[in-house]
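Here is the structure we will look at.
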Amino acid sequence: MSVTTSRLTRAFILLITLSLVLAVAADAHASAFWLVVVVLAAALKTRIVLARYLGLDAAPAALTGFFAVTFLVLALVAGSILVFPTPQQPLRAENHSSSQH
Amino acid sequence: MQYQTQNIAKTYWLGALLIFAVQVSFGLVGGLIYIAPNLLPVEYFPFNMVRMIHTNALIVWLLLGFFGAAYYLIPEESEREIWSPKLAYVQFAIFFLGGLSAVVGYLFHIYADNARSYLEQPVWIKLGIIVAALIFLLNISMTVLQGRKTAITNVLLLGLWGIAIFFLFSLYNPANTSEDKMFWWYVVHLWVEGTWELVMASVLAFLMLKITGVDREVIEKWLYIIIATALFSGILGTGHHYYWIGAPGYWQWIGSIFSSLEVVPFFGMMIFCFAMVWKGRRDHPNKAAMIWSLGCSVLAFFGAGVWGFLHTLHGINFYTHGTQVTAAHGHLAFYGAYVCLNLAIMTYAFPYLFNRAPYNQVLNIASFWITSAGVVFMTVSLTFAGALGTHLERVQGMSYMDAQDQIGLFYLLRFGGGVVTVLGALLFISSLLLMPRTKTVVTGAIPAAAE
Amino acid sequence: MNAATTQTADAPAEWGPLSALPGHPLMWVLIASELAVFGLALLGYAGARAQNPLAFALEQDSLNRLAGVANTALLLTSGYFAARANQAAHAGDATRTRLWLAAASALGLGFLVVKGFEYAGEFAAGHDIDSSPFFTLYFLVTGFHALHVVLGLIILGIVGRLATKTAVETGTAFWHMVDLIWLVVFPVFYLMR
Ligand code: HEM
Ligand code: HEM
Ligand SMILES: [Fe+2]
């Protein structure tokens, strides 16, 4: 357990910031660009949690391995969305009526 | 042999070998009926009865083998004699006679009221089995509790308790067909993909400890990882039998995901065995036992892991459910994981039990290759039969019997593989029983445990 | 051979590559297994979505994204507290360990409350685990994750009682894993389209 408090706190702040980026990115119009932003921000968050929260900084091989898994899953899902995009034409109006915000 | 009561294993294993011979012979009869339905008089050899003897005898002798393995290895691990040898023999008598009379009953067409594959024993025999199981658990638990506790005995005990507990589900026969199927799987699946796996892992660990001489600490860690992944995947993996029996649709996801991970412990056991043999410093004279152990881990990985995964995703199982693909998997999985396991520990232990240096090694090793080749050949034939049959019947829509006609060739091949299997099995049995006259004093050759 | 071999676990060197990881090595076997399960489920989601992207997009749009963002913040903050608890445990300060763990658990509970409101809304809108491929996967995966939150709370409670270094390290590792999984589950179900 080598992570100091200040490193931990910085990790936490970065995580929250990235979450905001994610939220904004997701609310923006759905597009390949924002999809990539979402994936990168989410992947970066998993890396921070693995390295700082879980302390894998001390075990670089495990950090690489576990991060590869989370990144691969995110990337594969995103890839499949790019290959099978949501059809744009029908029902666009309803699509925008989501009301939670 | 270091402890007198290890002798109990002899009785169990001789009984097991006898039923093994019966089991494969009836398999052969079943295979014959497939290719020449009118050759044998159907009054005496109806297929359902032949099949039932084949599969029930399989379960009975494998369990007898496990009991034998427990009686053999627990004294060595616990460093003390079995608590009550007398009870052990009483248990054998109940179990063996119960199993035998069930088979004889089938021959005279006395079947159980609630017949479910593998569990077709009449109720009174089931109760006998439970009594025998209770005696067994009492006996080994007392031995283990009073003796040295090792990871191997802990896991073995957990597995054996689990086997007995899940067998209780066989007593409950709900009227609702979906529920009935579920409870059946609670026995069958949670046995072979749960509790039996624990037995397999611990017996393999014991064999590796003895044969390779790798440190116990290292072997224990592997054992823990293997059983952790087995239980993690195997329990919810039951979902792969829920796809089409009336359970809610989300089980298709649960079953597919968790059962895919069931490959992991089988893969782990294979890597474990090879890593231990690779690392091992000891040159154990019983090469045959080592080959059976390694073969067990490899064929279990292919039979359970690869052939299981082949049809475990619900999108694929939708087509292959209940075809010869299932039978192909059933054969290689049972053979690799549990038949080979039993034959491995017997091969290892017989020389000690009969106080001889390892004997008939060439014959025994030959029987490994012949039997395994036979089973693999049967598996491959059935896989072709299953894949082709699935395509003709379920993709192209051909009627069942027309499709069967088209795959007849593969049933012929399966029978050929079956003949080889039976020959291999008989060769194995003779390699164990036909001992050289001279009792070699092997005390010096018994490698002390590496700890 | 002596009694030491029968007590498992604590001798670090024998676990090979697992020895380098914080907490009990078997926890890492569990973490890897859980990641595999959720990973496969999310790949399954991608496959199911590919067969009907439009239906998935519409139903995905009906999720409460704000609640999802709030829950992400709750878990990340909770994870931070858990990491502080771990530091306190390493410093041998049992009281502060327990305080941090209690704070972490409170936020975990908050996560469940938010999730509960979300589910209530979705049920009210007529969705359930059998209503469509999207919602089957959504309820399965998030429900399974929520069960892990519950289990994590129990584990935090137990290691809080013990408050030893290894126990807290192991328990918080589980908690961080729950956090980690949410960081992958959340974008896939709520954001990626
Ligand atoms: C040693 C372990 C195993 C043994 C002995 C075994 C044996 C069997 C047997 C005998 C059946 C046929 C049951 C019946 O319907 O009568 C069966 C079915 C099945 N097994 Fe296994 N199995 C093992 C492990 C596995 C594993 C690891 C998987 C998945 C990866 C798997 C997947 C399946 C599936 C999907 C079925 C259902 C087939 C169908 O729908 O017809 N099995 N197994
Ligand atoms: C040690 C070797 C063997 C093992 C472990 C074994 C195991 C099994 C199992 C588990 C089943 C049930 C399969 C299912 O429900 O899908 C089965 C059925 C069967 N086995 Fe074997 N068996 C062995 C040897 C043989 C041999 C040598 C033959 C000879 C050809 C054979 C022929 C059959 C037949 C015909 C069935 C019935 C299949 C059906 O119902 O369509 N088996 N066996
Ligand atoms: Fe199964």
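The values are calculated or read from the model by the stated rules, or taken from the named source; none is laboratory data. The structure displayed is predicted, hence computed values, not measured ones. Methodologically, a virtual Cβ is constructed for each residue, glycine included, from the backbone with ideal geometry; neighbour enumeration extends over all protein chains shown. Quick note on the areas: whole protein, heavy atoms, side chains included, nothing else; ligands and nucleic acids left out. Shrake-Rupley method; radii C 1.70, N 1.55, O 1.52, S 1.80 Å.
Quick check on this structure: which one of B:Val214, B:Val155 is more than 16 Å from ligand 2 (Cβ to nearest atom), touching a Ser or Thr at 6+ places or on another chain (Cβ under 8 Å) and within 14 Å of chain C (Cβ to nearest Cβ)? Explain how you work it out, then say what you get.
Values: B:Val214 fails: touching a Ser or Thr at 6+ places or on another chain (Cβ under 8 Å).
The match here is B:Val155.
Tell me which of these B:Cys273 doesn't satisfy, since it passes every other one: (1) more than 16 Å from ligand 3 (Cβ to nearest atom); (2) free of Cβ contacts under 8 Å to residues at least 60 places away in the same chain; (3) open to solvent by less than 20 Å² (accessible area, probe 1.4 Å); (4) not β-branched (Val, Ile, Thr).
Condition not satisfied by B:Cys273: (2).
Sort through B:Asn139, B:Asn173 and tell me the only one that's more than 14 Å from ligand 1 (Cβ to nearest atom), buried (at least 21 other Cβ atoms within 10 Å of the Cβ) and not aliphatic (A, V, I, L, M).
B:Asn139
Pick from B:Leu32, B:Leu14: which is away from every other protein chain (no Cβ under 14 Å), more than 16 Å from ligand 3 (Cβ to nearest atom), open to solvent by 50 Å² or more (accessible area, probe 1.4 Å) and not β-branched (Val, Ile, Thr)?
B:Leu14
Quick one: is A:Ala11 part of a loop (DSSP other than H, G, I, E, B) and either open to solvent by 20 Å² or more (accessible area, probe 1.4 Å) or at the interface with another protein chain (Cβ under 9 Å from one of its Cβ atoms) (or both)?
When the stated conditions are applied, A:Ala11 does not pass them.
When the residues of the stretch B:252-269 are filtered to those that are open to solvent by 20 Å² or more (accessible area, probe 1.4 Å) and under 19 Å from the mean Cα position of the chain (by Cα), which remaining residue is farthest from B:Ile226 (Cα to Cα)?
If we take residues in the stretch B:252-269 being open to solvent by 20 Å² or more (accessible area, probe 1.4 Å) and under 19 Å from the mean Cα position of the chain (by Cα), then B:Val263 is farthest from B:Ile226 (Cα to Cα).
Of the conditions (1) closer than 20 Å to C:Val69 by Cβ; (2) part of a helix (DSSP H, G or I), A:Phe71 clears all except one; give me its number.
Unmet condition: (1).
Looking at A:Leu76 and the list (1) at pLDDT below 95; (2) in a helix (DSSP H, G or I); (3) within 7 Å of chain C (Cβ to nearest Cβ); (4) open to solvent by 80 Å² or more (accessible area, probe 1.4 Å), which single condition is not satisfied?
Here A:Leu76 clears every test but (1).
Six or more apart or on different chains, Cβ under 6 Å: which pairs go from a residue in the stretch B:172-199 that's in contact (Cβ under 8 Å) with a residue 24 or more places away in the chain and more than 16 Å from B:Val339 (Cα to Cα) to one that's in a helix (DSSP H, G or I) and of a type in the set (Val, Ile, Thr)? Could you list them?
Note: pairs meeting the criteria are B:Trp185/B:Thr238; B:His189/B:Thr238.
Can you tell me which residue in the stretch A:21-34 is surrounded by the most Cβ atoms within 10 Å (Cβ to Cβ), limited to those that are more than 8 Å from chain C (Cβ to nearest Cβ) and in a helix (DSSP H, G or I)?
Filtering the stretch A:21-34 for residues more than 8 Å from chain C (Cβ to nearest Cβ) gives A:21, A:24, A:28-29, A:31-34.
Of the ones still in play, those that are also in a helix (DSSP H, G or I) are A:21, A:24, A:32-34.
Numbers: A:Val21: 16, A:Val24: 13, A:Ala32: 11, A:Phe33: 11, A:Trp34: 18.
Filtering the stretch A:21-34 for residues that are more than 8 Å from chain C (Cβ to nearest Cβ) and in a helix (DSSP H, G or I), the one surrounded by the most Cβ atoms within 10 Å (Cβ to Cβ) comes out as A:Trp34.
Quick test of your reading of the structure: B:His54 fulfils all but one of (1) assigned to a helix (DSSP H, G or I); (2) surrounded by 20 or more Cβ atoms within 10 Å (Cβ to Cβ). Name the failing condition by number.
Just one mismatch for B:His54, condition (2).
Say we look at the stretch A:42-60 and pick out the residues that are of a type in the set (A, V, I, L, M, F, W, C) and facing chain C (nearest Cβ under 8 Å); which of these is surrounded by the most Cβ atoms within 10 Å (Cβ to Cβ)?
Ranking the qualifying residues of the stretch A:42-60, first place goes to A:Leu54.
With the stretch B:292-344 as the region, which helices (runs of 4 or more DSSP H) entirely inside it contain at least 3 residues that are more than 9 Å from ligand 2 (Cβ to nearest atom)?
Qualifying helices (runs of 4 or more DSSP H): B:307-310, B:314-320.
Among the numbered criteria (1) among the aliphatic types (A, V, I, L, M); (2) within 16 Å of ligand 3 (Cβ to nearest atom); (3) within 25 Å of B:Val277 (Cα to Cα); (4) open to solvent by 10 Å² or more (accessible area, probe 1.4 Å), which single criterion is violated by B:Ile227?
(2)
Of (1) within 14 Å of chain C (Cβ to nearest Cβ); (2) acidic (Asp, Glu); (3) within 22 Å of the chain's Cα centre (by Cα), B:Glu197 satisfies all except one. Which?
Every condition holds for B:Glu197 apart from (1).
Across the stretch B:238-251, which residue is farthest from B:Ile225 (Cα to Cα) among those that are in a helix (DSSP H, G or I) and away from ligand 2 (no atom under 16 Å from the Cβ)?
Here the answer is B:Trp251.
Write out, first by first residue and then by second, each pair whose Cβ atoms fall under 6 Å of each other, whose residues are 6+ apart or on separate chains, and whose first residue, in the stretch B:333-356, is farther than 18 Å from B:Leu62 by Cβ while the second is within 16 Å of ligand 2 (Cβ to nearest atom) and open to solvent by less than 10 Å² (accessible area, probe 1.4 Å).
Going by the 6 Å Cβ cut-off, there are no qualifying pairs.
Which count do you get for residues in the stretch C:148-193 that are open to solvent by 10 Å² or more (accessible area, probe 1.4 Å), over 21 Å from C:Thr77 (Cβ atoms) and either in a helix (DSSP H, G or I) or modelled with pLDDT of 95 or more (or both)?
Going through the stretch C:148-193 one residue at a time, the tally reaches 7.
Could you tell me which residue of the stretch B:290-313 is nearest to ligand 1 (Cβ to nearest atom), considering only residues that are open to solvent by 40 Å² or more (accessible area, probe 1.4 Å) and within 14 Å of another protein chain (Cβ to nearest Cβ)?
Within the stretch B:290-313, the match that is nearest to ligand 1 (Cβ to nearest atom) is B:Phe309.
For the stretch B:177-189, what are the residues that are away from ligand 2 (no atom under 16 Å from the Cβ) and of a type outside the set (Phe, Trp, Tyr)?
Result: B:Thr177, B:Ser178, B:Glu179, B:Asp180, B:Met182.
Which ones in the stretch C:41-87 are more than 9 Å from chain A (Cβ to nearest Cβ) and free of Cβ contacts under 8 Å to residues at least 60 places away in the same chain?
C:Ala70, C:Leu74, C:Phe81
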